[in-house]
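The values are calculated or read from the model by the stated rules, or taken from the named source; none is laboratory data. Because the structure is a prediction, the values reported are computed rather than measured. Glycine gets a Cβ as well: all are built from the backbone with ideal geometry, and neighbour counts include every protein chain shown. These accessible areas exclude ligands, DNA and RNA; they are computed on the full protein's heavy atoms, side chains included. Shrake-Rupley method; radii C 1.70, N 1.55, O 1.52, S 1.80 Å.
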Amino acid sequence: MIATTTATAIPVSIAVASNPFTVTARKLTATGATQFASFRQDIGGHDHPVAVVGIRDAEISGLCQSAVAHTPLGSATVIVRSDAEQPVRAQDMVLDLAEVTGDMTFQSVEMGRDASTLKSSGVTGPASTYGQQARTLTITGMRLKAWSLTAGLFSLSDATLSIKRGEQPCP
């Protein structure tokens, strides 16, 4: 339901956590990528600007995802890692990004397109909003901070989940 709502011009009505989570990866290779600007609201009612990124299919190598939880007993970090040799597979993925860094390559890119006309990933934005899309997207040395992620498929081989005391995000 979230992906369906995000894929239209109707604002998403989910509350996101009060802190973004971190994802690092050696490489993300995607087909069908779209992007436009929007806002997401946290549980406290604060609006956060986001880059809504839709990706039809992706392979992510060397994934590490971490989220810091602030509790009355102190901070703890939840860390999920994928098998270094088996890429994570994702389909119909939508991210609400706060930031992304890395070496990016776009093929068959269209920038400045009206977000309501985007077709590459199946995710569109509101009319008269700046949008961009690409047939393929590659990010090497990826590091991102996201408020949320939804996907039709998110498959990790030989994954590990660990919890560490304190703030210890993925490197």
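MET111 accessible area, nearest 10 Å², 1.4 Å probe?
MET111 has an accessible surface of roughly 120 Å² with all protein chains in place.
What number results when the radius of gyration of segment 31-94, computed over Cα atoms, is divided by 2.2 N^0.38 Å?
Computed over Cα atoms of segment 31-94, the ratio equals 1.45.
Positive end of the dipole of the chain, charges at C-beta (+1 Lys, Arg; -1 Asp, Glu), about the Cα centre: which of MET93, PRO171, VAL78 has its Cα farthest in that direction?
The residue sitting most towards the positive pole is PRO171.
What list of ³J(HN,Hα) couplings, whole Hz, do you get for segment 87-100 from phi and the Karplus terms 6.51, -1.76, 1.60, once you set θ to phi - 60° and write x for glycine and proline?
Those phi angles translate into x, 6, 10, 9, 9, 6, 9, 10, 10, 9, 8, 8, 6, 9 Hz.
Eigenvalues of the Cα gyration tensor times 5, then square-rooted: what semi-axes does that give for the chain, in whole angstrom, largest first?
26, 21, 13
Which whole-Hz ³J(HN,Hα) couplings does segment 41-55 yield from phi under the Karplus relation 6.51 cos²θ - 1.76 cosθ + 1.60, θ = phi - 60°, glycine and proline marked x?
10, 7, 4, x, x, 8, 8, 10, x, 9, 9, 7, 10, x, 9
Roughly how many debye, to the nearest 20, is the charge dipole of the chain about its Cα centre, given +1 on each Lys and Arg Cβ, -1 on each Asp and Glu Cβ, and no other charges?
Using only the charged Cβ atoms, the result is roughly 120 debye.
Please give the residues of segment 80-103, grouped as numeric ranges, whose backbone N is less than 15 Å from a label point set 7 Å along the Cα-to-Cβ vector of SER155.
Flagged as within label range: 83, 86-93.
Would you list which lysines come within 20 Å of LYS27, measuring only between C-alpha atoms, while excluding same-chain residues fewer than 8 positions from it?
Within reach: LYS145.
Principal axes first, then extents: for the Cα atoms of segment 124-163, list largest minus smallest coordinate on each axis, whole Å, largest first.
The Cα atoms of segment 124-163 stretch 43, 21, 20 Å along their principal axes.
I'd like the projected area of segment 85-156, averaged over all directions, using the convex hull of its alpha carbons. Report it in nm² with one decimal.
If you wrap the Cα atoms of segment 85-156 in a convex hull and average its projections, you get 5.5 nm².
Roughly how big is segment 84-130's charge dipole about its Cα centre, with Cβ charges of +1 (Lys, Arg) and -1 (Asp, Glu), in debye to the nearest 20?
Magnitude of the dipole: close to 200 debye.
Just grab the label-to-label distance for LYS164 and PHE106, each label 7 Å out from Cα along the Cβ direction, in nm (one decimal).
A separation of 3.4 nm, rounded to one decimal place.
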